[in-house]
Structures are given as structure tokens and as C-alpha cells.
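A short worksheet on the structure shown next.
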Amino acid sequence: MDFSRIKAFAFDIDGVFTDGGILCDLNGELFRTFGAKDSFGVRMAVLHKYPVAIITGGRSGSIVQRFRTCGLIPEDIYLGSRDKILDFNHFCSKYSLGADEVLYVGDDLPDIPVLRACGIGACPSDAVDEVKSVSDYVSPFPGGRGCVRDVIQQVMKSRGDWVFDVAGYTAKF
């Protein structure tokens with residue numbers, strides 16, 4: 001698999017950045033737990049100017065806040081996505097990317113159209129069987145526990161970009 005052809009990333013949230021568990025308070029506010037290493041991977045991608053999209057069925061404003069701290073702009077965070085391929089195509093068009101230049105990570109049935117359309121479709125080790133069967137790459141890590149970091153690091157290392165720039169990181173984050 002040629003990770004070096006990838007120029008951008010797109011991700012689902014629940015089951016990819018999280019283990020799929022969601023806490024809910026009495027007011028209906030949803031809470032998710034994100035892994036710090038996965039988030040650092042996103043920061044490395046942003047620092048090296050890779051476009052990154054979040055395409056999720058989730059609607060919580062906390063998702064936007066979480067990924068703003070990783071350097072994403074709100075316009076690249078697609079909340080309430082019910083037809084993910086439409087948002088994926090919008091992201092590709094916005095950055096003049098071919099679908100084959102984007103790695104997408106998903107874990108469940110709504111992700112399948114994007115996994116089939118993108119350059120490399122990836123999933124966590126605990127994705128549903130239908131997603132594993134259409135994915136080009138199944139990470140050895142489960143959702144919320146390193147899957148995101150794994151795919152970002154593989155792409156960036158294959159392109160010679162996995163270099164930590166302390167000054168650039170300090171200035172951006």
C-alpha cells in the first residue's frame with residue numbers, strides 16, 4: 001500500500017477518535033473521551049499543512065471545540081453528516097484534491113461510501129466486519145486508542161514529514 005500518495009486526511013469521530021462510548025448528562029450534553037496521542041497526530045498533520053476533515057454524524061459543539069485545539073478550522077468539521085460522501089466530496093473540492101489523495105478512517109456502515117471512494121480507506125481494529133471488508137488498511141489499534149495516530153504517522157513517515165518542529169509547534173499551538 002502506497003501511503004506516500006496521500007495528501008490529506010478525513011475522519012469519522014465516534015469509534016475512530018473515541019472508543020464509541022458516549023456519556024450524557026441530564027441536559028442532553030454528550031461527552032466523549034479523546035486519546036491525546038491521536039490528537040497529537042492531527043496536530044502534526046496540521047503543522048505540516050495537510051488538510052484534515054472531520055466528517056461525523058455527531059452534532060455536539062464540543063467536537064468543534066476539541067478539533068479547533070488541534071488546528072482545524074470550523075469549516076473542515078462537518079457535523080450532523082448523514083450522507084458522508086457529499087461532505088467528503090466538498091472537502092476534496094475545497095482543497096483541489098482528488099479523492100485518491102485522501103485517506104479516510106471510519107468504523108461503521110455510514111462510512112462505507114467514503115471508504116470506497118477515497119485513496120486509502122482505513123479503519124480501527126474494532127470496526128464492524130462490513131467496514132473491515134472494504135478497508136484497504138485495518139489498523140492494529142482500536143478506535144480511541146491509537147488508530148488515528150497510526151495512519152497519520154504512516155503517511156507522514158512515508159513522505160518524510162514526520163519531523164517535530166518545536167518552534168513551529170509552539171507558535172501554532
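The values are calculated or read from the model by the stated rules, or taken from the named source; none is laboratory data. Bear in mind that the values here come from a model prediction, so they are computed numbers and not experimental data. Virtual Cβ from ideal backbone geometry, glycine too; neighbours counted across all protein chains shown. What goes into the accessible areas is simple: the full protein's heavy atoms, side chains included, and nothing from ligands, DNA or RNA. Shrake-Rupley method; radii C 1.70, N 1.55, O 1.52, S 1.80 Å.
Kindly evaluate residue 81 against the criterion of being at pLDDT below 95, crowded, with 18+ Cβ neighbours inside 10 Å and polar (S, T, N, Q).
Against the criterion (at pLDDT below 95, crowded, with 18+ Cβ neighbours inside 10 Å and polar (S, T, N, Q)), residue 81 does not qualify.
So is residue 41 in contact with a Ser or Thr (Cβ under 7 Å, 6 or more places away or on another chain) and open to solvent by less than 40 Å² (accessible area, probe 1.4 Å) or not?
The answer is no for residue 41.
Across region 132-147, which residue is farthest from residue 37 (Cα to Cα) among those that are open to solvent by less than 10 Å² (accessible area, probe 1.4 Å) and of a type outside the set (Ser, Thr, Tyr)?
143
Since residue 24 meets every condition but one in (1) surrounded by 15 or more Cβ atoms within 10 Å (Cβ to Cβ); (2) over 15 Å from the mean Cα position of the chain (by Cα), which condition does it not meet?
Failed condition: (1).
Tell me, which residue of region 1-21 that is touching a Leu at 6+ places or on another chain (Cβ under 6 Å) and part of a strand (DSSP E or B) is surrounded by the fewest Cβ atoms within 10 Å (Cβ to Cβ)?
Per the criteria, the residue is 8.
Can you spot a residue in region 118-131 that is open to solvent by 50 Å² or more (accessible area, probe 1.4 Å) and either polar (S, T, N, Q) or closer than 17 Å to residue 42 by Cα (or both)?
No, region 118-131 has no match at all.
If you go through region 150-161, how many residues are open to solvent by less than 60 Å² (accessible area, probe 1.4 Å), in contact (Cβ under 8 Å) with a residue 24 or more places away in the chain and not in a helix (DSSP H, G or I)?
Counting residues in region 150-161 that are open to solvent by less than 60 Å² (accessible area, probe 1.4 Å), in contact (Cβ under 8 Å) with a residue 24 or more places away in the chain and not in a helix (DSSP H, G or I) gives 1.
Sort out which residues of region 56-78 are of a type outside the set (D, E, K, R), at pLDDT 95 or above and open to solvent by less than 20 Å² (accessible area, probe 1.4 Å), and write them in order of number.
56, 67, 70, 72, 77
Restrict the check to region 47-55 and report whether at least one residue is open to solvent by less than 50 Å² (accessible area, probe 1.4 Å) and more than 14 Å from the chain's Cα centre (by Cα).
Within region 47-55, one or more residues are open to solvent by less than 50 Å² (accessible area, probe 1.4 Å) and more than 14 Å from the chain's Cα centre (by Cα).
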